[in-house]
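Nothing in this text is a laboratory measurement; each read-out follows from the coordinates by a stated rule. Everything numeric here is computed off the predicted structure, so don't read it as measured data. Neighbour counts are summed over all protein chains in view; Cβ atoms, including those assigned to glycine, are modelled from backbone coordinates with ideal geometry.
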Amino acid sequence: MEGAALTRRGLLVGIGAVGGAGAMYAAMGALGLAPSEQDKQFAAPRPGDFSLSGKGAAKVVILGAGVAGLTAAYELGKAGYDCTLLEAREKAGGRNLTLRGGDRLAELNGPAQDVRFGEGVYFNAGPGRIAPWMVTLDYCRELGIPIETFVNNNAAAYVNTNGRTVRARTARADMYGYIAELLAKATNVGALDRAISKADQETLLEFLRRFGDLGPKHRYEGSERRGFTKYPAIDTGTPLDAPGTLHQVLAAGTGRAITNDFGYEQATPMFQPVGGMDAIVTKLTEAVGRDRIRTGAKVTKITNLADGVEVAWEGGGLKADYCIAALPPHILAKIPHNLGAQVTTALGTPIPVAAGKIGLEYGRRWWELEDRIYGGVTETDLDITHIWYPSHGYHSERGVLVGYYNTERNAELYAALAPEDRRRRALTQGKKIHGDKYRQNLLSSVSIAWDRQPHIQGGWVRWPDFDSSFTFLQRPAGRVYFAGDWLTHLIAWQAGAMESARSVVTQLHQRVLQSA
Ligand code: PHE
């Protein structure tokens, strides 16, 4: 058995070397190999894939020109599939939305906002940061989109919790310092004797001294890591006052705020496309072909047939061989279809999560000039949750702060306010951290409540648990495939949309190559 498998593998490697991954897939189909035996790496469909199988590229209708829909069209387009995208909104991109002066942002149950930013100023109203391991960066490279660092962790940014504001470096130094002291104390009174050897205790103590910058007798007595009121120059500088007691430091409640970037998703460095996140949309649209995207097309019916899929929208209809439904599940759930009750139930399972942001445009970069904050995020337990400082355009005249980026209840609270009241509230909160200058030199603002965005109606979704509905929708219902970040374990990331699109493209292409 194993010998036979190795021989087949050898043959496939040979075909792969000559004809590329696509030819290899086709040959795999001919050899009757199960998909599980294939390389896990994504291989884009290629025109040559069809020559061996005698099949031709199919016609595919894609519902939604967000990141998932665009990625699917882009990958299928590489092999010559005839894709049509139906987009209900005025513009492609979905939640990948960058706002600039002259844009108009509509809202359900609310007034439209005219964006009045100055030239060269932009605000990523949706996704804003990309982790280096994400497939999103591969697309940036492939599409020729320049990227730059997104400063997700800045020691000079603030932590504002329980009504007090300190620099992130100070909050961290104190918390790490006291934790190190406590653990050293436990070690030194023998509390760890049964857990680790004496030799290991020595190694641990040596690390704790570094981790907490501990003084003699393993006491935390403050540290230059906390920062200075005047930084060293030709003199030694003026350090900050001594830290509070352990009780005070714990009572400050900085825990969540200083661990935000510990996770694999938020760890530094992160990245952003130069000039705005929508460069990804622009480049994908160009590659797909603008003429393949029909905007303002609100889908009214999806009918799966034995030999294709019929899709109707307000003002038109078409028939294709396959359909990829790349809409949010709660939007898709409202469209009549004949895909069966299990699809309806599954689409109704994920719960939309509210998310909101406000862009505050200032005529003076006071956060750089006065606070010496160059990019990064201030974390707070106020309802604004975060303040983001721009990671580009340093020292230029204008700049946009993200004055709030919140979710769930806080997002719903701001969503319920009129745009002026959102701004007023955001300024009142931000002033608690930055003082009066937060209200000065403000030029304009625009706020987004994703749960009130037409045809989107949510920041992202949450699955109560990743149950059978989740895996069920990762497979096609007849000739209809489903795609989106909501069908991955990368929810609320463009990478999720892209990975999902790749999975669907792979499944669809194999089916076309293997179809009778
Ligand atoms: N991707 C979004 C962000 O970076 C939402 C998110 C936050 C997703 C944290 C996962 C973890 O803000």
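Name the long-range amide H neighbours of Ala325: under 5 Å, sequence gap of 5 or more, or other chain; modelled H, no Pro or chain starts.
Close amide H contacts, sequence-distant or interchain: Leu63, Tyr481, Phe482, Ala483.
Between Tyr231 and Lys298, what is 0.36 nm times their sequence separation minus the Cα-Cα distance? Round to one decimal in nm.
Extra length from Tyr231 to Lys298 when fully extended: 18.2 nm.
Evaluated at 4 °C with a viscosity of 1.567 mPa s, what Stokes-Einstein diffusion coefficient in µm²/s does the range 319-386 have when Rh comes from the Kirkwood expression over alpha-carbon pairs?
Roughly 76 µm²/s, to the nearest whole number.
Can you list the residues of the range 308-351 with backbone N under 15 Å from a point 7 Å past the Cα of Ala106, pointing along Cα to Cβ?
314-315, by backbone N distance to the label point.
Let me know the shape class of the range 174-238, please: from the alpha-carbon gyration tensor, a ≥ b ≥ c as square roots of the eigenvalues, rounded when a/c is under 1.5, otherwise prolate if a/b is greater than b/c, or oblate.
Prolate, since a/c reaches 1.5 and a/b exceeds b/c.
Using alpha-carbon positions, what is the distance between the centroids of the range 185-207 and the range 269-310, in Å?
Between the Cα centres of the range 185-207 and the range 269-310 lies a distance of 58 Å.
Any idea what angle helix 419-434 forms with the longest principal axis of the chain, computed on alpha-carbon atoms, 0 to 90 degrees, nearest 10?
With both axes taken from Cα atoms, the answer is about 40 degrees.
Let me know the charge dipole size of the chain about its Cα centre in debye, to the nearest 20, where only the beta-carbon of Lys, Arg (+1) and Asp, Glu (-1) is charged.
400 debye
Contour minus end-to-end for Glu420 and Asp467, with contour as 0.36 nm per residue of separation and end-to-end as the Cα-Cα distance?
12.8 nm
Compute the distance from the alpha-carbon center of the range 442-489 to that of the range 314-380, in whole Å.
The distance from the Cα centre of the range 442-489 to that of the range 314-380 comes to 6 Å.
Can you work out the Karplus-derived ³J(HN,Hα) for every residue in the range 466-480? Use 6.51 cos²θ - 1.76 cosθ + 1.60 with θ = phi - 60°, whole Hz, and x for glycine or proline.
Karplus values, whole Hz, x for Gly and Pro: 6, 8, 5, 4, 4, 5, 4, 7, 6, 10, x, 9, x, 9, 9.
Per the Debye formula with a single identical scatterer at each Cα and no solvent contribution, what log10 I(q)/I(0) holds for the chain at q = 0.06, 0.12, 0.13 Å⁻¹?
Normalising to I(0) and taking log10 leaves -0.37, -1.11, -1.21.
Tabulate in residue order the Karplus-calculated ³J(HN,Hα) for the range 491-501, using 6.51 cos²θ - 1.76 cosθ + 1.60 with θ = phi - 60°, rounded to whole Hz; enter x for Gly and Pro.
Each residue of the range 491-501 in turn: 5, 6, 9, 4, 4, x, 4, 5, 5, 5, 4 Hz.
List Ser447, Ser391, Ser51 from most exposed to least, where exposure is judged by having the fewest other Cβ atoms within 10 Å.
Ser51, Ser391, Ser447
For a quick check: with amide H placed at 1.01 Å from N, whose amide H comes under 5 Å from Gly376's, ignoring anything fewer than 5 positions away on the same chain?
Those lying under 5 Å, H to H, from Gly376 are Val151, Tyr389.
Show me the GluC sites (Glu not before Pro) within the range 176-262 that DSSP assigns to loop and that have at most 14 other Cβ atoms within 10 Å of their Cβ.
Glu221
Just to verify a number: FRET efficiency for Asp436 and Gln342, C-beta to C-beta distance, R0 = 45 Å, to 0.05? Spell out each step's value before the answer.
On the way: r = 58 Å, r/R0 = 1.29.
For R0 = 45 Å, the calculated efficiency reads 0.20.
Which cross-chain or sequence-distant (5 or more) residues have an amide H under 5 Å from the amide H of Arg167, H modelled 1.01 Å from N in plane?
Val159
Explain nothing, just compute: Karplus ³J(HN,Hα) = 6.51 cos²θ - 1.76 cosθ + 1.60, θ = phi - 60°, for every residue of the range 391-408 in order, whole Hz, x for Gly and Pro.
Result, rounded to whole Hz: 9, 7, x, 3, 6, 7, 6, 9, x, 10, 8, 8, x, 8, 9, 9, 9, 6.
Can you classify the range 50-149 as rounded, prolate or oblate using the Cα gyration tensor, where a ≥ b ≥ c are the square roots of its eigenvalues, rounded means a/c under 1.5, and otherwise it's prolate if a/b beats b/c and oblate if not?
Note, shape of the range 50-149 comes out oblate.
Taking neighbour counts of Cβ atoms within 10 Å as a proxy for exposure, in what order, fewest first, do Cys83, Cys140, Cys323 appear? Could the numbers behind the result be given before it?
Working: Cys83 26, Cys140 21, Cys323 30.
Ascending number of Cβ neighbours within 10 Å: Cys140, Cys83, Cys323.
For every helix of n ≥ 4 consecutive DSSP H residues, a contribution of -39,500 (n - 2.57) applies; sum these over the chain, divide by its total residues, and give [θ] at 222 nm rounded to the nearest 500 deg cm²/dmol.
Only helices count here, giving -10500 deg cm²/dmol.
What number, in percent, do you get for the relative contact order of the chain if the mean sequence gap of Cα pairs under 8 Å and at least 6 apart is divided by its residue count?
It rounds to 21 percent for the chain.
For Asp291 and Ile351 in the same chain, what is the full-extension length gain: residue separation times 0.36 nm, less their Cα-Cα distance, in nm?
Going from the current span to full extension adds 18.2 nm.
Starting with the fewest neighbours, write out Asp371, Asp200 ranked by other beta-carbon atoms found within 10 Å of each beta-carbon. If you can, show how the numbers build up before the last one.
Values: Asp371 19, Asp200 12.
By the 10 Å Cβ count, ascending: Asp200, Asp371.
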